[in-house]
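All remarks here apply to the structure that follows.
The values are calculated or read from the model by the stated rules, or taken from the named source; none is laboratory data. Everything numeric in this text was worked out from a predicted model, so none of it was measured. Here the Cβ positions follow ideal geometry from the backbone for every residue, glycine too, while neighbour counts run over all protein chains shown.
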């Protein structure tokens, strides 16, 4: 497989039952690096996933992170200072503990099992390509791929 289609670093963030964020570092042909941020949302009718991607290049890292931090801090300190932002971290930790201890209920039908497996299992499909802003070919993993 062509190395420019591989992630050199990946981080997955589960956000509830239907949404997952993927942060992937990829390498260009010129041995440069960029970040893809992908939001994957399971469709309500259960027929696949919607994906939205952001390609972030090194020249924008500082401004992007600065604007993101400023915006989040504005919400936390000015708009919703009394909200418990750690509530969901605690719930996620509790869910992970229950999962690791085998205390979670399994889905009752095979369709639920199939859709859960699809979300958490990387696909080998790397046939779909996009062209990035700088002209390099960037693999987006295809519509059904979780290969990021």
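Some notes on this structure:
- Looking only at the stretch 1-21, and only at residues there that are over 21 Å from residue 90 (Cα atoms) and touching a strand residue (DSSP E or B) at 6+ places or on another chain (Cβ under 7 Å), the one that is modelled with the lowest pLDDT: 4
- Residues of the stretch 81-97 satisfying the condition of being closer than 18 Å to residue 15 by Cβ and either touching a helix residue (DSSP H, G or I) at 6+ places or on another chain (Cβ under 8 Å) or surrounded by 10 or more Cβ atoms within 10 Å (Cβ to Cβ) (or both): 83, 85, 88, 89, 90, 91, 92, 93, 94, 95, 96
- In the stretch 44-75, the residue that is nearest to the chain's Cα centre (by Cα) out of those that are surrounded by 11 or more Cβ atoms within 10 Å (Cβ to Cβ) and under 17 Å from residue 16 (Cα atoms) is 51.
- Total residues in the stretch 77-106, condition farther than 23 Å from residue 41 by Cα, modelled with pLDDT under 95 and assigned to a helix (DSSP H, G or I): 3
- For the stretch 30-76, taking the residues that are touching a strand residue (DSSP E or B) at 6+ places or on another chain (Cβ under 9 Å), free of Cβ contacts under 8 Å to residues at least 12 places away in the same chain and not in a helix (DSSP H, G or I), the one that is farthest from residue 7 (Cα to Cα) is identified as 43.
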